[in-house]
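Working notes for the structure below.
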Amino acid sequence: MPDCIFCKIATGEIPSYKIYEDDDFFAFLDIQPVNPGHALVIPKKHYENLLDIPQNILCEMMGVVQKLSKTITEVLNAPGFNIGINNKKIAGQSFFHLHVHIMPRFEGDGYKLWPGKVKSKEELQKIADKIKNSL
Ligand code: 5GP
Ligand code: ZN
């Protein structure tokens with residue numbers, strides 16, 4: 001992808017705070033971290049989002065995410081962390097090269113998860129059936 005910033009970061013054409021690299025994956029610090037140690041893990045090959053990457057490569061990438069999450073949280077003394085992938089614009093994806101956010105969490109950092117909405121049993125069952133029957 002000629003104009004993809006993350007492709008260029010993966011090749012080193014654009015500099016980054018690299019923390020990890022192997023034949024297929026690259027990880028670097030987010031330039032605007034939500035917390036210290038916020039890192040992005042990307043496949044070197046360009047895939048737009050989670051639906052585009054072959055399953056075997058995704059599984060390998062999650063191995064890298066797991067390894068880095070362990071080290072990042074240990075080094076920064078973070079008691080927890082969130083993993084995130086924003087898929088498509090409506091979900092907040094702003095760079096269209098698949099990337100996994102590793103976001104260390106600290107006491108009092110002020111971040112909250114999305115609030116859930118109460119739904120009726122009927123509505124939940126209807127949605128569950130719809131999904132189940134489409135798999
Ligand atoms: P998204 O919203 O697509 O899930 O996340 C994109 C992330 O990439 C953002 O958190 C943003 O701060 C980060 N980002 C954008 N441009 C650059 C860059 O040039 N270098 C680095 N290291 N991070 C970037
Ligand atoms: Zn790319």
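What is the Cα convex hull volume of the chain when expressed per residue in Å³?
145
If you plug each phi of region 18-29 into the Karplus form 6.51 cos²θ - 1.76 cosθ + 1.60 with θ = phi - 60°, what whole-Hz ³J(HN,Hα) values come out, in order, with x for Gly and Pro?
5, 10, 7, 7, 9, 4, 10, 10, 9, 9, 8, 6
Just grab the label-to-label distance for residue 118 and residue 45, each label 7 Å out from Cα along the Cβ direction, in nm (one decimal).
4.8
Taking all protein chains together and a probe of 1.4 Å, list 16, 69 from the most accessible to the least accessible.
16, 69
Starting from 0.36 nm per residue, how many nanometres of slack lie between residue 89 and residue 134 once their C-alpha separation is accounted for?
Result for the pair: 13.8 nm of gain on full extension.
Taking 35 Å as R0, compute the FRET efficiency from the Cβ-Cβ separation of residue 66 and residue 126 and round it to 0.05.
Computed FRET efficiency for residue 66 and residue 126 comes out at 0.50.
For residue 67, what charge total do you get from the other residues with a beta carbon under 14 Å from its beta carbon, if Lys and Arg give +1 and Asp and Glu give -1?
-4
Put +1 on the Cβ of each Lys and Arg and -1 on the Cβ of each Asp and Glu in region 5-134; which of 81, 114, 55 then has its Cα farthest toward the positive end of the dipole?
The Cα lying farthest towards the positive end belongs to 114.
Can you give me the accessible area per residue for region 5-134, using a 1.4 Å probe, in Å²?
69
How large a share of the accessible area of region 92-135, in percent, is made up of carbon and sulfur atoms when the probe is 1.4 Å and the other protein chains stay in place?
62
Taking the Cα centre as origin and putting +1 on Lys and Arg beta-carbons and -1 on Asp and Glu beta-carbons, what dipole magnitude results for the chain, to the nearest 20 debye?
620
May I ask for the angle, rounded to the nearest 10°, between helix 121-132 and the longest principal axis of the chain, with both axes built from Cα atoms and the value confined to 0 to 90°?
Helix 121-132 sits at roughly 60 degrees to that axis.
Longest span of the chain, sites excluded, free of chymotrypsin sites (Phe, Trp or Tyr not before Pro) in DSSP loop with at most 14 other C-beta atoms within 10 Å?
Between the exposed loop sites, the longest stretch runs 18-94.
Is it possible to state the helix-based mean residue ellipticity at 222 nm for the chain, with each DSSP H run of 4+ residues giving -39500 (n - 2.57), the sum divided by total residues, to the nearest 500 deg cm²/dmol? What is it?
Here the helix-only value at 222 nm equals -9500 deg cm²/dmol.
Longer than 29 Å from Cα to Cα, which of 8/112; 88/132; 89/132; 44/117 are they? Say none if no pair is.
8/112; 44/117
The values are calculated or read from the model by the stated rules, or taken from the named source; none is laboratory data. Please read these numbers as outputs of a predicted model, since none were measured by experiment. With ideal geometry, Cβ positions are generated from the backbone for all residues, glycine too; neighbour counts draw on all protein chains shown. Surface accessibility is based on the protein's heavy atoms, side chains included, excluding ligands, DNA and RNA. Shrake-Rupley method; radii C 1.70, N 1.55, O 1.52, S 1.80 Å.
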